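> Next up is a structure, given as C-alpha coordinates.
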Amino acid sequence: MLSLTEENYLKAIYHLSDGGSKSVLTNDLAAAMNTKAASVTDMIKKLSAKTVINYEKYYGVNVTSKGKNEALMVIRKHRLWETFLVEKLGFSWDEVHEVAEQLEHINSNRLIEKLDEFLGFPKVDPHGDPIPDNKGKLKVLPKIAIDQLNIGYQGKIAAVKDSDSNLLKYLDKIGAKPGTKLKILGKEAYDDSMEVLIDDHRVFISKEVSQNILVVE
(Lines give C-alpha, C1' and ligand atoms only; values in the text may rest on other atoms or scores of the structure.)
Protein backbone atom coordinates (compact mmCIF):
# COMPACT_ATOMS: atom_id res chain seq x y z
CA MET A 1 0.00 0.00 0.00
CA LEU A 2 1.23 3.44 -0.93
CA SER A 3 0.28 6.60 0.92
CA LEU A 4 -1.47 9.50 -0.84
CA THR A 5 1.81 11.43 -1.09
CA GLU A 6 3.70 8.38 -2.36
CA GLU A 7 1.10 7.85 -5.08
CA ASN A 8 1.40 11.49 -6.14
CA TYR A 9 5.20 11.21 -6.41
CA LEU A 10 4.97 7.94 -8.31
CA LYS A 11 2.46 9.40 -10.75
CA ALA A 12 4.71 12.43 -11.27
CA ILE A 13 7.73 10.21 -11.97
CA TYR A 14 5.68 8.18 -14.45
CA HIS A 15 4.59 11.30 -16.33
CA LEU A 16 8.01 12.99 -16.25
CA SER A 17 9.68 9.80 -17.48
CA ASP A 18 7.26 9.59 -20.45
CA GLY A 19 5.81 6.35 -19.16
CA GLY A 20 9.13 4.96 -17.95
CA SER A 21 11.12 5.59 -21.14
CA LYS A 22 13.69 7.86 -19.51
CA SER A 23 15.10 8.72 -16.08
CA VAL A 24 13.99 11.79 -14.13
CA LEU A 25 16.45 14.08 -12.35
CA THR A 26 15.66 14.85 -8.72
CA ASN A 27 15.65 18.61 -9.37
CA ASP A 28 13.02 18.16 -12.09
CA LEU A 29 10.93 16.05 -9.74
CA ALA A 30 11.27 18.67 -6.99
CA ALA A 31 10.08 21.36 -9.41
CA ALA A 32 7.11 19.26 -10.51
CA MET A 33 6.10 18.57 -6.91
CA ASN A 34 6.81 22.15 -5.83
CA THR A 35 9.04 21.02 -2.99
CA LYS A 36 12.69 20.97 -1.89
CA ALA A 37 15.31 18.51 -3.12
CA ALA A 38 15.75 17.16 0.42
CA SER A 39 12.09 16.15 0.56
CA VAL A 40 12.42 14.43 -2.81
CA THR A 41 15.46 12.50 -1.57
CA ASP A 42 13.50 11.23 1.44
CA MET A 43 10.61 10.15 -0.76
CA ILE A 44 12.91 8.40 -3.22
CA LYS A 45 14.23 6.28 -0.33
CA LYS A 46 10.68 5.32 0.68
CA LEU A 47 9.61 4.45 -2.85
CA SER A 48 12.82 2.51 -3.51
CA ALA A 49 12.19 0.44 -0.39
CA LYS A 50 8.76 -0.44 -1.77
CA THR A 51 10.39 -1.48 -5.10
CA VAL A 52 8.25 0.84 -7.22
CA ILE A 53 11.18 2.96 -8.45
CA ASN A 54 14.86 2.58 -9.29
CA TYR A 55 17.33 5.31 -8.40
CA GLU A 56 20.84 5.70 -9.76
CA LYS A 57 23.02 8.56 -8.58
CA TYR A 58 23.71 11.21 -11.24
CA TYR A 59 21.24 9.50 -13.62
CA GLY A 60 18.03 9.97 -11.71
CA VAL A 61 14.94 7.94 -10.93
CA ASN A 62 12.53 5.82 -12.95
CA VAL A 63 9.58 3.53 -12.32
CA THR A 64 10.01 -0.22 -12.05
CA SER A 65 7.51 -2.50 -13.80
CA LYS A 66 5.65 -2.74 -10.49
CA GLY A 67 5.76 1.05 -10.08
CA LYS A 68 4.55 1.62 -13.62
CA ASN A 69 1.51 -0.57 -12.99
CA GLU A 70 0.80 1.21 -9.69
CA ALA A 71 1.03 4.61 -11.41
CA LEU A 72 -1.29 3.48 -14.20
CA MET A 73 -3.88 2.35 -11.67
CA VAL A 74 -3.85 5.81 -10.06
CA ILE A 75 -4.15 7.41 -13.51
CA ARG A 76 -7.00 5.01 -14.35
CA LYS A 77 -8.92 6.11 -11.25
CA HIS A 78 -8.24 9.79 -11.93
CA ARG A 79 -9.50 9.67 -15.50
CA LEU A 80 -12.56 7.57 -14.66
CA TRP A 81 -13.52 10.02 -11.92
CA GLU A 82 -13.06 12.95 -14.31
CA THR A 83 -15.37 11.22 -16.78
CA PHE A 84 -17.95 10.55 -14.07
CA LEU A 85 -17.86 14.14 -12.83
CA VAL A 86 -18.40 15.56 -16.32
CA GLU A 87 -20.85 13.02 -17.74
CA LYS A 88 -22.96 12.23 -14.68
CA LEU A 89 -22.64 15.18 -12.28
CA GLY A 90 -22.52 18.03 -14.77
CA PHE A 91 -19.09 19.41 -13.90
CA SER A 92 -17.34 21.35 -16.65
CA TRP A 93 -14.06 19.88 -17.91
CA ASP A 94 -12.04 22.75 -16.40
CA GLU A 95 -13.34 21.96 -12.88
CA VAL A 96 -12.69 18.26 -12.54
CA HIS A 97 -8.91 17.91 -12.25
CA GLU A 98 -8.59 19.05 -8.64
CA VAL A 99 -11.56 16.98 -7.50
CA ALA A 100 -10.24 13.88 -9.30
CA GLU A 101 -6.85 14.45 -7.62
CA GLN A 102 -8.58 13.66 -4.34
CA LEU A 103 -10.81 10.84 -5.54
CA GLU A 104 -7.96 8.97 -7.27
CA HIS A 105 -6.58 7.88 -3.89
CA ILE A 106 -9.65 5.85 -2.88
CA ASN A 107 -8.43 2.27 -2.54
CA SER A 108 -11.36 0.11 -3.62
CA ASN A 109 -10.89 -2.00 -6.73
CA ARG A 110 -14.56 -3.04 -6.64
CA LEU A 111 -15.69 0.58 -6.62
CA ILE A 112 -13.51 1.45 -9.62
CA GLU A 113 -14.66 -1.60 -11.58
CA LYS A 114 -18.30 -0.69 -10.85
CA LEU A 115 -17.58 2.91 -11.86
CA ASP A 116 -16.02 1.77 -15.14
CA GLU A 117 -19.04 -0.44 -15.87
CA PHE A 118 -21.49 2.33 -14.93
CA LEU A 119 -19.78 4.70 -17.37
CA GLY A 120 -19.90 2.13 -20.19
CA PHE A 121 -16.16 1.34 -20.17
CA PRO A 122 -14.95 4.67 -21.63
CA LYS A 123 -11.66 4.68 -23.55
CA VAL A 124 -10.78 8.34 -23.01
CA ASP A 125 -11.52 11.00 -20.40
CA PRO A 126 -13.14 14.41 -21.12
CA HIS A 127 -9.77 15.87 -22.13
CA GLY A 128 -9.10 13.10 -24.64
CA ASP A 129 -6.53 11.28 -22.49
CA PRO A 130 -6.66 7.46 -22.74
CA ILE A 131 -7.94 5.55 -19.71
CA PRO A 132 -5.84 2.50 -18.70
CA ASP A 133 -7.85 -0.72 -18.46
CA ASN A 134 -8.04 -2.83 -15.31
CA LYS A 135 -4.87 -4.68 -16.34
CA GLY A 136 -2.90 -1.45 -16.61
CA LYS A 137 -2.84 -1.49 -20.40
CA LEU A 138 -2.86 1.93 -21.98
CA LYS A 139 -3.65 2.41 -25.66
CA VAL A 140 -1.85 5.57 -26.72
CA LEU A 141 -2.32 6.90 -30.24
CA PRO A 142 0.44 9.21 -31.56
CA LYS A 143 -0.80 12.79 -31.46
CA ILE A 144 0.47 16.06 -32.90
CA ALA A 145 -0.32 19.68 -32.06
CA ILE A 146 -2.10 21.55 -34.84
CA ASP A 147 0.59 24.27 -34.93
CA GLN A 148 2.75 21.63 -36.68
CA LEU A 149 0.22 20.99 -39.44
CA ASN A 150 -0.22 22.60 -42.84
CA ILE A 151 -2.98 24.84 -44.12
CA GLY A 152 -5.84 22.72 -45.44
CA TYR A 153 -5.61 20.01 -42.80
CA GLN A 154 -9.00 18.56 -41.85
CA GLY A 155 -9.76 16.20 -39.00
CA LYS A 156 -11.11 15.97 -35.47
CA ILE A 157 -9.65 17.20 -32.21
CA ALA A 158 -8.37 14.19 -30.28
CA ALA A 159 -7.19 15.73 -27.01
CA VAL A 160 -5.83 18.81 -25.29
CA LYS A 161 -2.28 18.93 -23.99
CA ASP A 162 -2.63 21.22 -20.97
CA SER A 163 -5.21 20.91 -18.20
CA ASP A 164 -4.89 24.57 -17.14
CA SER A 165 -8.41 25.70 -16.23
CA ASN A 166 -8.12 29.05 -18.04
CA LEU A 167 -7.10 27.30 -21.25
CA LEU A 168 -9.95 24.80 -20.92
CA LYS A 169 -12.45 27.60 -20.34
CA TYR A 170 -11.23 29.33 -23.49
CA LEU A 171 -11.38 26.13 -25.54
CA ASP A 172 -14.89 25.54 -24.22
CA LYS A 173 -15.82 29.07 -25.31
CA ILE A 174 -14.67 28.49 -28.90
CA GLY A 175 -16.03 24.93 -29.01
CA ALA A 176 -12.64 23.22 -29.31
CA LYS A 177 -13.27 19.91 -27.52
CA PRO A 178 -12.23 16.33 -28.32
CA GLY A 179 -14.36 14.94 -31.13
CA THR A 180 -15.00 18.35 -32.72
CA LYS A 181 -14.31 18.83 -36.44
CA LEU A 182 -11.40 21.13 -37.26
CA LYS A 183 -9.92 22.60 -40.43
CA ILE A 184 -6.84 24.82 -40.71
CA LEU A 185 -7.60 27.83 -42.91
CA GLY A 186 -4.47 29.93 -42.51
CA LYS A 187 -1.34 30.87 -40.54
CA GLU A 188 0.14 34.29 -39.76
CA ALA A 189 3.90 34.49 -40.38
CA TYR A 190 4.23 37.35 -37.88
CA ASP A 191 3.16 35.56 -34.70
CA ASP A 192 2.27 32.01 -35.83
CA SER A 193 -1.38 32.55 -34.92
CA MET A 194 -3.86 30.46 -36.88
CA GLU A 195 -7.23 30.81 -38.53
CA VAL A 196 -9.22 27.61 -38.04
CA LEU A 197 -12.69 26.30 -38.67
CA ILE A 198 -14.04 24.61 -35.54
CA ASP A 199 -17.31 22.82 -36.20
CA ASP A 200 -18.06 25.30 -39.02
CA HIS A 201 -17.21 28.34 -36.87
CA ARG A 202 -14.28 30.48 -38.02
CA VAL A 203 -11.89 31.28 -35.13
CA PHE A 204 -8.47 32.95 -34.77
CA ILE A 205 -6.22 31.34 -32.15
CA SER A 206 -2.77 32.14 -30.77
CA LYS A 207 0.27 29.93 -31.17
CA GLU A 208 0.04 28.96 -27.49
CA VAL A 209 -3.49 27.70 -27.98
CA SER A 210 -2.64 25.86 -31.21
CA GLN A 211 0.22 24.09 -29.40
CA ASN A 212 -2.31 22.64 -26.96
CA ILE A 213 -4.88 21.31 -29.44
CA LEU A 214 -3.94 17.77 -30.46
CA VAL A 215 -5.04 15.55 -33.33
CA VAL A 216 -4.10 11.94 -34.12
CA GLU A 217 -1.05 11.75 -36.40
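The values are calculated or read from the model by the stated rules, or taken from the named source; none is laboratory data. Just so we're clear, the structure is a prediction, and the values are computed from it rather than from any experiment. Glycine also receives a Cβ, built like all others from the backbone with ideal geometry; neighbour counts cover every protein chain displayed.
> Have a look at Thr5, Thr51 and point out the one that is outside any helix (DSSP H, G or I) and of a type in the set (Ser, Thr, Tyr).
Thr51
> Just to be sure before I move on: is Thr83 in a helix (DSSP H, G or I), of a type in the set (Ser, Thr, Tyr) and touching a helix residue (DSSP H, G or I) at 6+ places or on another chain (Cβ under 9 Å) in the structure I sent?
yes
> Has region 28-44 got at least one residue that is buried (at least 16 other Cβ atoms within 10 Å of the Cβ) and in a loop (DSSP other than H, G, I, E, B)?
For region 28-44, residues buried (at least 16 other Cβ atoms within 10 Å of the Cβ) and in a loop (DSSP other than H, G, I, E, B): absent.
> Whether any residue in region 121-140 is among the charged types (D, E, K, R) and in a helix (DSSP H, G or I) is what I want to check.
no
> Considering only region 108-120, I want to know if a residue exists there that is at pLDDT 95 or above and within 15 Å of the chain's Cα centre (by Cα).
No - not one qualifying residue is present in region 108-120.
> Quick one: Leu89 ticks every box in (1) without any contact (Cβ under 8 Å) to a residue 40 or more places away in the chain; (2) under 20 Å from Ser163 (Cβ atoms); (3) part of a helix (DSSP H, G or I) bar one, so which box is it?
(3) is the only condition that Leu89 fails.
> Please verify whether region 86-97 includes one or more residues that are crowded, with 22+ Cβ neighbours inside 10 Å, within 27 Å of Thr51 (Cα to Cα) and of a type outside the set (Asp, Glu).
The answer is no, given that none of the residues of region 86-97 is crowded, with 22+ Cβ neighbours inside 10 Å, within 27 Å of Thr51 (Cα to Cα) and of a type outside the set (Asp, Glu).
> Also: For the structure I just gave you, tell me whether Ala189 is without any contact (Cβ under 8 Å) to a residue 24 or more places away in the chain, among the hydrophobic types (A, V, I, L, M, F, W, C) and either in a loop (DSSP other than H, G, I, E, B) or under 16 Å from Phe91 (Cα atoms) (or both).
Yes: the conditions hold for Ala189.
> Starting from residues that are over 28 Å from Val96 (Cβ atoms) and among the hydrophobic types (A, V, I, L, M, F, W, C), keep the ones in region 152-196 and report whichever is surrounded by the most Cβ atoms within 10 Å (Cβ to Cβ).
Ile184
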